[in-house]
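Working notes for the structure below.
The values are calculated or read from the model by the stated rules, or taken from the named source; none is laboratory data. Predicted, not measured: the structure shown is a model, and the values here were computed from it. Reconstructed Cβ throughout: ideal geometry from the backbone, glycine too, with neighbour counts over all protein chains shown. Heads up: the accessible areas ignore ligands, DNA and RNA and are worked out on the full protein's heavy atoms, side chains in. Shrake-Rupley method; radii C 1.70, N 1.55, O 1.52, S 1.80 Å.
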Amino acid sequence: MSTSRILSVLALVALLAFPLIAPLYGLEFYISFVRRIFIYAMAATALNLVLGYGGMVALGHAAFFGAGAYTVGILATEGVQSGLITWPAAMLISGLLAFLTGAVSLRTRGVYFIMITLAFAQMIFYLFISLRQYGGEDGLNMYSHSSLPGIDLGNELSFYYLVLALLLAVLFLINRLVNARFGQALMGTRENESRMTTLGYPVYRIRLTAYTLSGAIMGLAGALLANHNLFVSPSLMNWTQSADLIIMVLVGGIGLLYGGALGAFVMLVLEELLRNWTEYWHMPLGILLLLVVFFAPKGLAGLVRIRSVADPATTAKEQT
């Protein structure tokens, strides 16, 4: 068994056991904290699909994150509590927003693509701020969790394991996707767009499909975060949230399967620890980012060789 597979199994066992062991040491609070990490890991993994595998530097994915959260919050306000309705609706709305904005944004390249995704995200951000009937800039309170048959989201253990299961499902989906012909074509557009176009691949449609799927997964993460916080804020859609997600991907490992998840874990844990140590906690995080850029250009996941089997560099190296 490879080192990466052993580490993956050990990490999964630890995550499964954590909520059972935590109460024995008075760490019940951290069950909720780890669940929050899972949610951000899902969002960072969704971003990694377009940023890492597709080479699309999008600075507006937080809009889809927040749109998913607001979809659940608004439907709950209108009396729709069933997660079987609100969660797919969140994915649909976020995926539709990604499709519409991506259809325009993906016709640009480079810095123009970055700026137009940022512009669309800020437009959506101000749109939700203007919804005074749903809290406006003060945010929207939810008075109960979404309801799911046989699962009580008010129970810490049930909610924890549900979010973990959904994160694993997303990682499995992304892994299968990037190892399929579609994923290989997507990575081909990242490496050499002109060559892929010459070979007859529909580059625009491939990228738009990946962008839309990424937005839909973001919507699911947003729905989970709304239930986690029982509160939805427009700040979820701000460009700083998109920047935070990009940093998570860069720290964890851009274009690596577990990169987004590892980056979310490291950044959120360090933020929690440093907040209790100093009010200037941004500075140590900035130093960490510099160290990663200089000494681990493929991210922390690259250091421990936790890579997607679809990574052509890894595959070639293992074959030699």
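Just how far, in whole angstrom, is region 106-185 from region 1-71 if you go by their alpha carbon centroids?
Comparing the Cα centres of region 1-71 and region 106-185, I get a distance of 13 Å.
Under 13 Å from a point placed 7 Å out from the Cα of residue 230 along the Cα-to-Cβ direction: which residues of region 134-165 have their backbone N that close?
141-146, 153-156
At 0.692 mPa s and 37 °C, plugging the Kirkwood radius over alpha-carbon pairs of the chain into Stokes-Einstein gives what diffusion coefficient in µm²/s?
Once the numbers are plugged in, D ends up at 163 µm²/s.
Which value, in Å², gives the accessible area per residue of region 195-300 when a 1.4 Å probe is used on the protein heavy atoms?
47 Å²
Under 8 Å for C-alpha pairs, at least 6 residues apart: give me the relative contact order for the chain, rounded to a whole percent.
It comes to 32 percent, rounded to a whole number.
Hey, can you grab everything whose amide H is under 5 Å from the amide H of residue 147? Only 5+ residues off in sequence or another chain; H modelled, so Pro and N-termini drop out.
For residue 147, the qualifying residues are 82, 83.
For region 156-221, compute the orientation-averaged projected area of the C-alpha convex hull (one quarter of its surface), in nm².
For the Cα atoms of region 156-221, the hull's average projected area reads 4.7 nm².
So if R0 is 25 Å, what FRET efficiency would residue 294 and residue 11 give, r being the distance between their Cβ atoms, rounded to the nearest 0.05?
0.45
Over the chain, what percent of the accessible surface lies on carbon and sulfur atoms, probe 1.4 Å?
For the chain, the apolar C and S fraction of the accessible surface comes to 66 percent.
Net charge around residue 285, counting only other residues with Cβ within less than 15 Å of its Cβ (Lys, Arg = +1; Asp, Glu = -1)?
Local net charge: -3.
Can you compute the radius of gyration and Dmax for region 92-249, using only the Cα atoms, both in Å?
In Å, with Rg to one decimal and Dmax whole: 18.1, 55.
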